Amino acid sequence: MEKIGFVGVGRMGANMARRLKEQGFPIAAVYDVKPEAAQALAQELGAAAAAELKQVTQLSDVIITVVTDDKAMKSIYIGGLLQRSRGKLFINCATLSPAVHVWAEQKAEKTGAQSLEACMASSITQAREGTLYLMCGGKEEAYQRARPILEKLSASMRYIGPAGKAAQVKALVNMVMNINTAGLAEGLGLGAALGLDLPMLREVFSQTGANSRVLQTDGEDMQNREHSCFFSAAHAAKDSGIALRLAREQGLNLPLAAAAKKQFDKMTAEGLGELDKSGVAELTFKGRHLHQ
């Protein structure tokens, strides 16, 4: 089995590492911008807590990156991760702009390494259980090399095409999810203002055209103001922004996507960006502290 390193061991990365360790893969090294997070996970999994990015690459055959955004991705690739990386495989799991995934592949290939984007359309629980839904983009040979690892992390995965294409699909997935989330918050918020019984309303939604996956995952949480973070409002804003940039490049106007992004931007501006996306209901229910 190939030795695996992780760069970025927050909620998602740490649980992916735990899952692979349980499945028998040697976790060689972990790195995070928060050294204490890397040290704690390294101790738990019997891995090295790398002080520098180049150490992760040195100790590993396959390096899985789970970073926050385009800037973070560029900083790790420029900051030493690609040193002496010939023959290594980089699997990049963050939701990034498609252009950055293309850039990452080009940078990796210049050093003799391989790169694959493995975009995740699932959350923390699925990462821990190995039931992620993965959309992969890059060279076919990189995908085939990554498959034995990715199969242990996912319930389902799909090869989309060349670098950047999986990231385009992921941006659209999250854009539509964010619209659904903001729309559900408005429906439940208005229902509450009308004095309707919300469990009844959610049940009716579930049997009609108002149904959605977001209703299953977030509807009760919106009602109960339970916003423990599985997918943050700040990430929702970022990902809708990626989709809107793609739309601008195509000369398309997407007013619903823009309106949803404004709601998540407002949460972030109010200091609530680390709440779950279900927290958008705080903007729509009467009497809640952000409602205006």
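Debye-formula intensities of the chain, expressed as log10 I(q)/I(0) at q = 0.07, 0.15 Å⁻¹, are -0.28, -1.12 (one equal scatterer per alpha-carbon, no solvent).
Projecting the Cα positions of F231, S85, T208 onto the charge dipole of the chain (unit charges on Cβ atoms of Lys, Arg, Asp and Glu, taken about the Cα centre) puts S85 furthest along the positive direction. Exposure proxy for F264, F205: other Cβ atoms within 10 Å of each Cβ, ordered fewest to most, give F205, F264.
In degrees between 0 and 90, to the nearest 10, how far off the longest principal axis of the chain does helix 213-224 point, with axes built from Cα atoms? Roughly 60 degrees between the two axes. What separates the Cα centres of segment 164-192 and segment 1-72 is a distance of 30 Å. Over segment 4-162, all Cα pairs binned in 5 Å intervals from 0 give whole-percent P(r) values of 2, 10, 21, 25, 23, 15, 4, 0, listed from short to long. Each Lys and Arg Cβ is given +1 and each Asp and Glu Cβ -1; about its Cα centre, the chain then shows a dipole of about 760 debye. Distance between the C-alpha centres of segment 108-131 and segment 215-292: 25 Å, rounded to the whole angstrom.
Around the Cα centre of segment 170-242, unit charges on the Cβ atoms of Lys, Arg, Asp and Glu (plus for the first two, minus for the last two) sum to a dipole of about 260 debye.
When the helices of the chain are scored as -39500 (n - 2.57) per DSSP H run of n ≥ 4 and the total is divided over every residue, the value at 222 nm lands at -16500 deg cm²/dmol.
What share of the DSSP beta bridges in the chain is antiparallel, in percent to the nearest 5? Don't jump to the answer; show the numbers that get you there.
Numbers: 6 of 30 bridges.
Percentage antiparallel, nearest 5: 20.
Ordered by the count of other Cβ atoms within 10 Å of each Cβ, fewest first, K88, K152 give K152, K88. Considering all different alpha carbon pairs of segment 104-205, the Kirkwood hydrodynamic radius works out to 16.0 Å.
FYI, it's all coordinate maths here, none of it is from the lab. Since the structure is predicted, the reported quantities are computational estimates derived from the model, not experimental observations. Ideal geometry is used to build each Cβ from the backbone, glycine not excepted, and the neighbour counts take in all protein chains shown.
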